Structures are given as structure tokens and as C-alpha cells.
1. Condition first: among the small types (Gly, Ala, Ser), closer than 17 Å to Ser65 by Cα, in a helix (DSSP H, G or I) and without any contact (Cβ under 8 Å) to a residue 12 or more places away in the chain. Now tell me which residues in segment 133-181 satisfy that.
2. Looking only at segment 41-51, decide whether some residue is buried (at least 18 other Cβ atoms within 10 Å of the Cβ), of a type in the set (Ser, Thr, Tyr) and modelled with pLDDT of 90 or more.
Amino acid sequence: MDEFALIQDAQQGDLDAFNRLILAYQDRVYSQAYRVLGESQAADDATQEAFISAYKKLRSFRGGSFRAWLLRIVTNACYDELRRRKRRPTTSLEPLDESGDEIESPHWIADPGELPEDNVVRAELGQAIQHCLDKLPTDFRVVVVLVDVQGMDYLEAASVIGKPLGTVKSRLARARSRMRECLQGFWELLPMSMRLGS
């Protein structure tokens, strides 16, 4: 894919070129939204909103990392959603388990080649990671998702959130420490064979 050429064509109004860019980045953008918001429906909405906004603002893109530009847009959409939730709390219509958590079975957790026990542990690990991400302050969560999930370097993450490099490093260090503490309890509950990777 010649990203630069696609961007230029899309800036000239070529919808097919823009759609090809969406296809190239939709998984990363959705992953960012899902990890920040913690809900698939909200992540779908934020992703769609981000791509609509990107299309409208495409002529203002002046170069640099297109991925970072898109992730900044979706991160801002997530912040907007989190602010909206604070103003208007909602009650979920999703089924809840006995602890009051939404019952989710994301398609990306299941591996048809796994044993049922491994599938359960993987699902629980995914839920534990999301639970610990949800407990982080939003600013910490965004940085962890950008660097540890999206694989961005610190400079790209700083560009996405519009903060200095030192702020990214500081937030990431504190977020990782909190994630380790939060996940420690889950790790101790895993069977020894799972901890050893066998």
C-alpha cells in the first residue's frame, strides 16, 4: 500500500482511496477505542465517529504519521464519550453476571485450537486485563494502550496525546506499576502449569 499516494488521492476527494486507508487502520483504531472505553459497542461508535471526523479533516492533514493522526482523533472521541458518560450515566441493557459485570464474549479472545480450560483462562485473563485497564485513570489508560497495545514509541504517543515526552514516560511507568499490582492477584490464581507456559 502506498499510504502517501492514498492520502493525497483521498484529500482530492477519492472515496475509494479513503476507504482503503480505513481498511488498513480500522483494527488499530478499534483496538485503541476498545481498550480505552472497555465496551465493544462504545468502541464501535467511537471508531465510526473517528473515521467520519478523519474524513472531514483529511485536508488539514499535513504529513507525519498518519497512524498517530488517526489514533489522536479516536482518542479524542473516547475522551468525549467518557465526558458524556459522566454527565449522563446510563444503565446497561446487556446481561450481567452474578458480580454485576457485563457478560461479554469478544470474538478476538476465542481460539478454536485451544482446549476449553485454556479458553476459559484466556477469557479470564482478557477480562482481568480490561478490568485493570478500567481501574486506571483515563490519562494513564490512554498511554498504556498507545504504547503497550498499539506498539507506538514514546514520541508517537506524545504526539497523539499532545503532551511532552516526559509526561508519557511518567504516566506509562505509573500505569504499568498499577497494572502489575492489579494483575498480581489474578496471576496467583492461575494453575502452576499456566504460569510456566506449559
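The values are calculated or read from the model by the stated rules, or taken from the named source; none is laboratory data. Fair warning: this is a prediction, and the values are worked out from it, not measured in the lab. As a convention, Cβ positions derive from the backbone with ideal geometry for all residues, glycine included, and neighbour counts pool all protein chains shown.
1. Across segment 133-181, the qualifying residue is only Ala158.
2. The answer is yes; a qualifying residue exists.
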